[in-house]
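The values are calculated or read from the model by the stated rules, or taken from the named source; none is laboratory data. Note that the coordinates shown come from a computational prediction; the quantities given were computed from them, not determined experimentally. FYI the Cβ positions are ideal-geometry reconstructions off the backbone, even for glycines, and counts take in every protein chain you see. Heads up: the accessible areas ignore ligands, DNA and RNA and are worked out on the full protein's heavy atoms, side chains in. Shrake-Rupley method; radii C 1.70, N 1.55, O 1.52, S 1.80 Å.
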Amino acid sequence: MTAASPELAARLQELLPSGVTKAAFGQSWVQVEPAEWHTAAALARDELGCLMFDWLGAEDAGRPGDLGRRHTVLLHVVNPLQQRGLSVRTELGPEDELPSIAGVWAGAAWHEREAAEMFGLALAGQPEPARLLLPDSFVGHPLRKDFVLAARVVRPWPGGLEPGESSSAPSRRRLAPPGVPDPSWGPRREEDPR
Amino acid sequence: MSTEHETYAHERETTEGPVFTVTGGDWDEVIEEAAGNERIVMNLGPQHPSTHGVLRLVLELEGETVTQGRTVIGYLHTGIEKNVEYRNWTQGVTFVTRMDYLAPLFNEAAYCMSVEKLLGITVPQRAQTARVLLMEINRIGSHLVALATGGMELGALTGMTAGFREREEVLHLLEHLTGLRMNHAYIRPGGLAQDLPADTVQKVREFTKLMHKRLPDYDKLLTGQPIWRNRMAGVGVLPVDACLALGITGPILRSAGLAWDLRKTEPYLGYENYEFEVPTSTDADCFARYLLRLEEIHQSLRIIEQAVDRLEPGPVMVEDAKIAWPAQLTIGADGMGNSLEHVRKIMGQSMESLIHHFKLVTEGFAVPAGQVYVPVESPRGELGYHVVSDGGTRPMRVHVREPSFVNLQSMPPMSEGGMVADVIAAVASIDPVMGGCDR
């Protein structure tokens with residue numbers, strides 16, 4: 001298998017002229033509009049022979065100054081006979097819904113549910129849109145860039161971060177563990193005089 | 001209801017109907033109590049010896065036939081994908097190795113290969129061969145646990161003790177080679193954390209010799225045993241088209257007849273130069289998967305023997321001083337750590353080394369912006385890392401295509417329409433590792 005092969009990306013581009021083919025690090029992908037997401041998936045399976053579902057994932061679209069608002073959704077499927085992979089991407093704005101492709105490949109269902117709960121994406125047409133990994137009581141979407149690791153604020157980091165550091169030396173400014181927001185976010189427990 | 005019943009099967013009324021809490025040895029009494037209810041919903045786990053870690057199964061039954069099955073996952077969600085975003089590229093290894101705890105070296109290798117692809121570097125030959133060697137040793141250990149826990153779940157307890165006995169040999173060998181039994185963090189972007197010990201070849205040869213002697217025992221103990229075969233043959237069938245639509249890989253896909261093994265279909269680390277076969281079957285059932293795992297152990301031994309022959313002396317880390325970890329590590333009594341001699345030398349003699357060391361350890365190296373997807377064949381199937389860099393010293397996103405997560409979706413099609421006992425056999429043949437599934 002060639003992951004994200006240029007050959008299949010070129011063929012999808014022919015069938016779907018509105019898509020944009022991009023390549024980097026020897027891997028190619030076709031960028032499509034959210035409205036064409038389902039069409040691209042159906043074309044990949046029926047015309048390009050991508051019978052094998054591989055994975056679907058999401059990430060922050062990574063615009064500087066605009067973190068946590070736009071998200072990229074990635075799909076990788078495989079043509080098992082040609083042993084080639086096809087990568088398709090789309091970008092969702094804060095109001096966009098991701099059309100479900102669980103009807104094209106049943107295996108996409110869990111991946112979509114995971115992406116939805118981790119990034120706060122809205123799914124359209126997902127047969128079982130319930131949470132998958134997170135409990136129902138969980139608030140927020142933990143993989144978003146704007147998600148604050150609140151548990152690390154309210155609970156002091158166990159162990160010493162620096163040699164010689166101890167909680168009995170309040171004069172020394174404590175180093176914040178990774179992922180903990182700056183003091184403007186709110187009070188923390190170690191500052192609480194109780 | 002008599003007091004005797006209350007000791008075992010506690011019954012309470014809910015809006016959904018009566019709920020029975022079954023603890024042991026009293027299933028017939030529950031059936032008697034619940035007689036008249038055509039539909040029973042049964043919950044297994046998440047703390048249950050036969051659900052393979054913290055996996056929860058919810059089954060809807062008619063009599064003993066499963067009409068609907070669902071898995072409930074997420075009990076071992078650790079947020080590793082998020083954590084990695086706050087660490088530098090090298091520190092990421094210590095996180096990913098903790099995901100699928102039965103295949104730590106596969107996670108390390110796949111993660112490092114994706115980072116190396118972004119960096120555009122090729123690791124030295126000795127490091128590549130060592131990675132193949134370590135991964136195949138790890139594959140044997142993982143398959144042995146699959147046989148052992150699968151045996152335990154089906155009541156073949158001797159199979160469990162045998163499997164864990166041999167797996168202990170695997171862990172001893174890995175401890176000798178990498179310093180730790182698991183969570184090795186031995187494979188690093190750019191190569192290996194340090195060179196293999198001097199007696200590697202001898203130790204690995206002793207191990208392969210022992211495994212060749214012990215493996216036929218499994219055929220004697222399990223393969224020909226009628227109960228073992230009856231519990232698994234024709235059970236948990238998943239044909240090839242269903243495998244493809246669900247994205248199932250690994251022994252499950254190969255048991256359905258497709259010889260799909262990334263070591264052959266997309267060779268990495270020089271796998272194209274090793275002689276080995278990809279065993280397949282067309283039975284698509286639990287017994288076929290058991291046989292394939294056993295055969296894959298034999299094939300892994302073949303690869304290990306070839307890899308150990310090719311282990312030429314040489315560097316195990318790229319030369320690039322901007323990437324290679326400048327510290328020298330040694331294996332001490334408490335595992336792997338900084339070499340005190342090296343620390344003494346750079347502290348006392350070379351200010352530049354000290355500054356360089358400090359920068360690289362605290363900040364890490366920058367990786368060119370972009371994203372790649374690199375898959376490897378783990379014991380459970382395709383394990384892939386989709387790694388995104390924004391050009392900084394920390395990953396922007398690390399998405400893991402985890403075979404346990406993908407493969408678990410096959411539980412309902414494998415078990416619906418079958419018996420309750422067959423669900424256990426089916427889940428055992430999927431061999432999910434919840435640490436990897438939930439991440």
Scope segment B:276-307; condition open to solvent by 50 Å² or more (accessible area, probe 1.4 Å) and either over 23 Å from B:R214 (Cβ atoms) or not assigned by TED's automatic domain parsing to the domain that holds B:I121 (or both); matching residues
B:T280, B:T282, B:D283
Among the candidates B:V115, B:V123, residue that is in a helix (DSSP H, G or I), open to solvent by less than 20 Å² (accessible area, probe 1.4 Å) and either within 14 Å of chain A (Cβ to nearest Cβ) or modelled with pLDDT of 90 or more (or both):
B:V115
Do any helices (runs of 4 or more DSSP H) lying entirely in segment B:178-247 carry at least 1 residues that are aromatic (F, W, Y), and which ones are they?
B:200-218, B:226-232
In this structure, does B:V400 turn out to be more than 20 Å from B:V72 (Cα to Cα) and assigned to a strand (DSSP E or B)?
no
Just checking, how many residues over segment A:71-88 are in contact with a Ser or Thr (Cβ under 8 Å, 6 or more places away or on another chain) and either more than 10 Å from every other protein chain (Cβ to nearest Cβ) or closer than 26 Å to B:T71 by Cβ (or both)?
5
Determine, yes or no, whether B:K220 is out of contact with any Cys (no Cβ under 8 Å at 6 or more places or on another chain), free of Cβ contacts under 8 Å to residues at least 12 places away in the same chain and farther than 20 Å from B:D309 by Cβ.
yes
Would you be able to say whether some residue in segment B:375-397 is under 18 Å from B:G190 (Cα atoms), more than 10 Å from chain A (Cβ to nearest Cβ) and without any contact (Cβ under 8 Å) to a residue 24 or more places away in the chain?
no
Name every residue in segment B:68-90 that is out of contact with any strand residue (DSSP E or B) (no Cβ under 7 Å at 6 or more places or on another chain), crowded, with 18+ Cβ neighbours inside 10 Å and more than 9 Å from chain A (Cβ to nearest Cβ), in order of residue number.
B:L76, B:I80, B:N88
